[in-house]
Every structure is written in C-alpha cells, then in structure tokens.
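A short reminder: the numbers here are calculations on the coordinates, not readings from a lab. The model shown is predicted, which means the values in this text are computed figures rather than measured ones. Methodologically, a virtual Cβ is constructed for each residue, glycine included, from the backbone with ideal geometry; neighbour enumeration extends over all protein chains shown.
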Amino acid sequence: MNTALKLPIYLDYQATTPVDPRVLEAMLPYFRENFGNAASRSHAFGWRAEEAVENAREQVAAAIGATGKEIIFTSGSTEAINLALKGVAEMYASKGKHLVTSLAEHKAVLDTCKHLEKLGCEVTYLKPDKSARISPEQVRAAIRPDTVLVALMWANNEVGTLNPIREIGAVCREKGTLLFSDATQAVGKVSVDVERDHVDLLCLSAHKLYGPKGVGALYVRRKNPRVRLAAQIDGGGHERGMRSGTLNVPGIVGLGQACELARTELAEESARCRALRDHLQQRIEKELGFVELNGHPSERLPGNLNLSFHFVEGESLIMGISDVAVSSGSACTSASLEPSHVLRAMDVGEDLAHSSIRFGIGRFTTREEVDYAAEAVVKAVRRLREMSPLYELAQEGVDLKTIQWQGNH
Amino acid sequence: MAYSDKVLDHYNNPRNVGALDKTSPRVGTGVVGAPECGDVMKLQIEVEGDRIVDAKFKTFGCGSAIASSSLATEWLKGRTLNEAATIRNTAIVEELSLPPVKIHCSVLAEDAIKAAIADYKQKQAEDEAPHPTARRA
Ligand SMILES: Cc1ncc(COP(=O)(O)O)c(C=O)c1O
C-alpha cells in the first residue's frame with residue numbers, strides 16, 4: 001500500500017497553509033542578526049530592517065498590480081478589513097453612510113458592518129445566487145448617491161466561488177463608489193490586478209499563501225481616485241500614520257517572499273491544484289451517488305472542493321476520515337452550533353448544509369494523498385449511509401421533504 | 001473537538017445497527033429529530049411479554065448522536081418496558097462523557113426511547129380494541 005504516505009493528510013488549505021521552506025529561510029535572519037526595529041533611523045540595525053520591509057512592500061504590490069506606496073502592513077486580513085471598512089466609513093461620513101456587501105462574506109466583514117450599523121451606518125446585504133455569486137447588476141441596483149463603499153470578496157473561503165470582481169469594479173467606477181475586495185483566498189490562487197479589475201482597496205493575509213500567521217496587508221489606491229482612510233490604531237505614526245505599531249519585520253519579510261513565490265508560480269501551481277481537485281471530485285462522484293457540489297461549477301478557486309453528501313452528517317463523516325484533515329459547514333463542528341452562514345445564504349438547504357465537507361488542496365498536496373482521501377471518504381460515506389435512517393427512507397422511495405419531522409430542537 | 005474513548009468506540013463499532021419489521025405488532029418504532037437540525041434517530045424495540053428482547057437503531061447525526069443511540073440500544077435489551085422508560089439522558093451523558101454542546105444528542109436518544117415505547121403501546125392498544133376494520137394486515 002501507500003507506505004510513503006504520511007498521516008494525517010492535510011486537506012484544509014483554505015483554513016491556513018504551511019509556511020513554504022523558502023519563506024521561512026527568508027525570514028530567519030530577521031529573527032537573528034537583523035533583528036532591528038524598522039523605525040530606528042539612527043543605526044544600521046534599523047536601516048537593514050527598513051530596507052527589508054520596503055523590499056517586501058514592493059513584492060506584495062507586484063503580486064496585485066499595485067505600487068509599494070499603496071501597501072499598509074497589518075496583522076492579517078481581519079485587521080485590514082476593519083481598517084478599510086471603518087476607515088472609509090469614518091473618512092467619507094460627510095458623503096454618506098451607506099455600504100453594500102453580501103451575506104456570503106467572511107465574518108470579519110459582516111461583523112465589522114454590524115459594528116458600523118451600531119454607529120449609524122446603513123448596510124445593504126446582497127443575497128448571493130445559489131452558487132454564492134454576486135452579479136454586477138445587483139451591485140448597480142444597490143448603489144445609492146450616499147453609498148461610500150462596496151465590499152465584496154474576491155473568492156469565498158467556504159465554497160471557493162469567485163465573484164466577477166472586474167465587472168463589479170467597472171460598475172463601481174462608473175458610479176463613483178469605492179470598491180473594497182477581501183482577496184484573502186484569491187491572492188496567489190487566481191490572477192488579481194487592482195488596475196485591470198478597478199479595485200480601490202484590497203486585503204490579503206500571509207498565512208493563506210504559504211507565509212506566517214499574524215501578518216497581512218491592506219492595499220489603498222493612491223490615484224484615480226486617491227482613497228483616504230481614518231486610522232483605527234493610533235500611536236507612533238508607522239505606515240504613514242495609517243497603522244501605528246512597531247512593524248513585524250520577520251513576518252513582513254515572509255509575506256513579501258510568499259507573494260513573490262505566489263506571483264512567479266501562480267500559473268503552474270493553480271493548474272496543478274485544479275487537476276488534483278478535479279481528480280478528487282471525479283473519484284468521489286464515480287463511486288458515490290447523491291453528492292452535490294456547493295459553489296460555482298467553473299468560477300471557483302482551483303484548490304477548493306465543497307461537497308454535500310446526502311443522508312450523512314458532516315461531523316460524523318469527519319470522524320470517519322480521521323486521518324484526513326478537512327472542515328465542514330455542519331453546525332456540529334463550529335463553536336456557534338449554527339450551520340454555515342454562507343451555505344444558508346446560498347439556500348443550499350439546512351439538511352445539505354449539515355452534510356457539507358470542504359476539501360482544500362494546495363502547494364504540497366500529492367496525488368497519493370488525494371487518492372487516499374477519496375478512498376477514505378467513499379468508505380466512510382458508505383458506512384454512515386448504512387447507518388442512516390434518511391438513506392433507508394430514500395431507498396424505500398420516500399421523499400424526505402414530505403415527512404413531518406418530530407421534535408425541533 | 002476531542003471525543004471520549006467511549007464515543008469513539010460506539011462510533012467505530014456501533015452496536016445494533018439495523019432495522020426491525022416496523023409492521024410487526026411486537027415492534028415499536030420511534031423516529032425523532034429532523035434533517036434540518038442535523039440529527040435524526042430511528043430506534044426500534046422488539047417486545048415479548050413486557051420485556052425488550054431486541055433493539056436496533058439508525059442515526060443521521062454527529063458521532064455523539066450515533067454513540068448515544070448505540071448505547072441506548074445496548075441498555076434497552078433485556079429490560080422491561082417500565083425499566084426502559086426510566087432511562088434518562090443524564091445517564092447517557094455520564095456514560096459517554098458528553099461535553100455540554102452534545103447534551104442534545106442524549107436528549108434525542110431519551111426521546112427516541114420514549115417514542116419507541118409509545119409506538120409499541122399504541123399498537124398493543126389498537127390490537128386489543130375490537131376493531132373490525134383493523135388497518136394492519
Ligand atoms: C475570506 C477571508 N477573509 C478574512 C479572513 C481572516 O484572515 P486573517 O486570519 O488573516 O485575519 C479569512 C481567513 O480566515 C478569510 O478566509
């Protein structure tokens with residue numbers, strides 16, 4: 001059998017990614033001899049750190065078609081999202097207090113919007129279609145004269161669906177409204193270009209692209225139009241006053257190196273991930289019936305596969321494939337005990353939301369691992385279906401929708 | 001989340017998975033929960049006299065729900081109906097070391113036991129009643 005296979009197998013690349021050894025290599029000197037504070041202007045320790053930060057800034061900018069001056073380093077996407085949304089809402093309050101976003105966004109966006117609502121903003125939450133997409137027409141219809149920001153993600157973290165950002169960008173440009181895109185899952189996976197795609201603000205996070213955790217960046221357009229922000233963290237005036245706090249130099253170096261690798265290897269890597277993902281999907285669908293793909297059939301991240309297995313609850317399936325690390329939209333696997341808000345917004349159906357599994361494929365995934373995972377899933381689903389009263393009913397020809405279920409809890 | 005050894009054992013080696021003839025007058029069937037909630041338990045008992053001689057389950061739900069129903073079938077076998085009716089979810093929680101977020105799984109198992117007993121008793125009552133147009137063949 002697969003003696004070379006190392007268990008457990010990691011197939012959760014949308015949750016986080018391992019640090020690429022080349023990234024780690026680039027970071028190490030900045031923990032050791034080059035430990036200086038990038039804000040120290042009076043000696044070589046500081047100069048060296050500053051040089052490394054400025055180099056990383058250019059690397060990050062190059063990965064998204066921006067210029068170095070447009071990059072603000074943060075502690076990750078959550079912070080960048082907070083800065084973008086709160087910073088724009090505060091700065092443009094005299095223009096208006098209306099924002100547009102979608103129900104399928106990450107909690108970092110949704111909860112920041114909730115906060116802004118408490119402060120008197122009005123937020124329109126667009127409902128995505130069944131594949132989790134927002135259309136440019138929906139955006140056009142939602143923009144009002146007092147809209148200060150449209151916030152829509154590039155790629156969805158659960159189902160991998162890509163929004164038509166370029167077309168949405170064109171609408172925002174035409175209407176004179178700023179567009180922020182949460183590109184946390186997109187950078188390094190699909191082509192992102194803030195000029196071509198008319199994006200005014202964008203966030204990314206190192207740990208989703210083979211860099212370290214706890215570092216990310218916000219892109220803020222400097223011309224056509226020049227975007228202004230109200231800082232949300234005050235202090236020593238770092239990052240041109242937009243984000244105070246001593247810079248995480250090793251982390252920033254790692255982010256820069258990760259972006260450099262992502263830019264130069266994107267085409268080859270996305271083709272490889274897509275092939276592995278398609279292989280996984282085909283193998284599972286060949287062996288099992290009653291499997292639904294969640295998300296868009298073609299407009300999706302190359303390394304994402306989100307499937308619902310009818311009649312099988314997600315957490316029990318995860319237990320059954322315990323040496324394959326995946327995640328589920330099932331309520332049982334989340335702290336909140338609520339099924340995924342994304343699947344709910346897509347109207348997937350609560351029962352199928354409970355039956356969903358997200359497979360994430362990435363840079364270090366091998367074909368052997370995918371084969372192993374497919375086999376494990378097929379075996380576990382078959383076993384659990386034999387144990388499932390819903391499967392039994394379906395086999396008897398009963399339409400589950402017609403049943404009056406007892407005991408809502 | 002880490003599972004207790006007993007939950008893992010029941011999940012990996014579930015006891016009494018299967019189905020009894022639900023049309024038999026000696027079989028009581030309880031189905032509780034809903035797919036939208038992520039749990040459906042079907043629990044069946046076969047009764048001789050007032051004693052449960054067999055029990056089977058099928059469960060759609062998380063590992064703790066599967067373990068709760070598997071354990072319930074184990075406990076039901078050999079008990080009288082009155083003894084079975086005294087099984088409480090708290091005993092299941094204790095036996096399986098279920099964490100607070102999984103207590104609803106044990107509640108569902110207790111509900112399933114009660115529903116199966118009620119179904120059996122209803123069948124008996126119907127059988128005894130002089131019903132010339134009995135539905136069951
Ligand atoms: C789409 C999306 N946005 C935001 C975040 C938050 O990123 P971070 O972990 O860098 O705060 C994540 C990751 O969890 C994500 O997938």
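Couple of notes before you dig in:
- For the peptide B:18-31, the mean number of other protein chain Cβ atoms found within 10 angstrom of a residue's Cβ is 1.
- Within segment A:1-61, GluC sites (Glu not before Pro) in DSSP loop having at most 13 other beta-carbon neighbours inside 10 Å: A:Glu33
- Helix A:249-287 and the longest principal axis of the Cα set of chain A meet at an angle near 20°.
- Averaged over the residues of peptide A:349-356, the number of Cβ atoms from other protein chains lying within 10 Å of each residue's Cβ is 4.
- Helix A:44-63 and the longest principal axis of the C-alpha atoms of chain A enclose an angle of approximately 50°.
- Rg over Rh for segment A:43-116 works out to 1.10, both radii taken from alpha-carbon positions and Rh defined as the Kirkwood radius.
- Under a model in which nothing but the beta-carbon of Lys, Arg (+1) and Asp, Glu (-1) is charged, the protein assembly as shown shows a dipole of about 1220 debye around its Cα centre.
- Prolate/oblate/rounded call for segment A:55-209, Cα gyration tensor, a/c under 1.5 rounded: rounded
- Base-10 log of normalised Debye intensity for chain B (one unit scatterer per alpha-carbon) at q = 0.12, 0.18, 0.21 Å⁻¹: -0.45, -0.92, -1.19
- 20 Å binning of all Cα-Cα separations within chain A, expressed as whole percents from 0 upward: 26, 53, 20, 1
- Net length gained if the chain between A:Asp323 and A:Glu195 were fully extended (0.36 nm per residue, minus Cα distance): 41.8 nm
- Gyration tensor verdict on segment A:276-409 (Cα atoms; rounded if a/c is under 1.5, prolate if a/b is larger than b/c, oblate otherwise): prolate
- Average other protein chain Cβ within 10 Å of Cβ, residues A:379-389: 4
- Projected label distance in nm at B:Asp21 and A:Phe364, using a 7 Å step from Cα toward the beta-carbon: 5.8 nm
- Where labels lie 7 Å past Cα in the beta-carbon direction, separation of A:Glu268 and A:Gln406 in nm: 6.2 nm
- Between B:Asp127 and A:Asp234, the distance separating the two model label sites (each 7 Å from Cα on the Cα→Cβ line) works out to 8.1 nm.
- Centre-to-centre separation between the Cα atoms of segment A:187-256 and those of segment A:49-101: 4 Å.
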